[in-house]
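Only one structure is covered here, and it is reproduced in the block below.
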């Protein structure tokens, strides 16, 4: 059912933007988040930290890496049904491949740099879970949105489409996608834990195995006995520290076997200006030198541990990953937060710490019926979750 508070206020929503005619309505495509009426943003994305302010942040700091669009779908009465952010990117189709195939792709790209790459339209967010900003029922919205996405792709000569990282809880709402040719794959899940304990020590004693408890305490003795000692500061803004923290972020991002988005310096600088109060910078120093940092979002009782940076000259010696995890949980408990959520990857230690996988799905389709048969046949071999050795042991939880 259309939200009556939003439906009448379409003058700005209808103005500007490329118009697409659909079988049962229409859509408009906008290049900037600010071109979509504020009331539409509030009605569709006010329940998530990935809202108007976040998309504006991405636009201003990541545009050299990606193109962004905003697809606003209307019913036959010209009332808004859904808002869907899009990412236009040249996707490395072998990004999650490994072994001999990855080596083969690398050799081929020596002669053909764009081998096994495709221009792609992604519905969802650059990072984190995808979301459709619905103003109507899923049965009415999703098929029309899928049609609008395909029409947009044709106008832009984009062949490959995807709904990126939608939570498993939305499978029923998105079930029509598989009926119209999409193949569903298991994406890289984030992880989370409810903070329903009073202290980190209680968490260690009640949630972790005896072996993990012993290992953690040994690691913390080393870190806590360091000289000079480790210190922690929590900042709302880290522009003055950017020259120290950004290289540590890059050190972690660039050592990953699977590389997707790497944020710019400007992203970390502008975040607190475009969404005041939402972000925190946790910075660990030793003898005045930054050795670790974590960029977090605080939202609706949850601390999102988004990005980490480590000084690898001391990270393993001081067990810095475990120190950051302990200190973030202590800070969250001290500030009355109820949940800790961690970004994907580094799954093995996180699962030993009893964080729970949060399954996400990727729906992929090629607009060519012939090529889509190949996509449906071969895409499961490149399923992101299958590329990680730890996740392969937990596929039953993701599918």
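Some notes on this structure:
- Separation in nanometres of the label points that stand 7 Å from Cα toward Cβ, at residue 64 and residue 270: 1.2 nm
- Stokes-Einstein D (µm²/s) once Rh is taken as the Kirkwood radius of region 191-357 over alpha-carbon pairs, at 20 °C in 1.002 mPa s: 130 µm²/s
- Calculated FRET value between residue 261 and residue 210, using beta carbons and R₀ = 45 Å, to 0.05: 0.70
- The chain: angle of helix 242-253 to the longest principal axis, Cα-based, in degrees nearest 10: 80 degrees
- Here the spin labels are modelled as points 7 Å beyond Cα on the Cα-Cβ line, and at residue 371 and residue 335 they lie 4.5 nm apart.
- Inter-label distance, nm, simple model (7 Å from Cα along the C-beta direction), residue 218/residue 381: 4.2 nm
- Cβ-derived FRET efficiency at R0 30 Å, residue 234 paired with residue 48, nearest 0.05: 0.80
Only the coordinates and a few stated rules stand behind these numbers; no lab work does. Note that the structure is predicted; figures quoted are calculated from it, not measured. Using ideal geometry, Cβ is built from the backbone for each residue, glycine included, and neighbour counts are taken over all protein chains shown.
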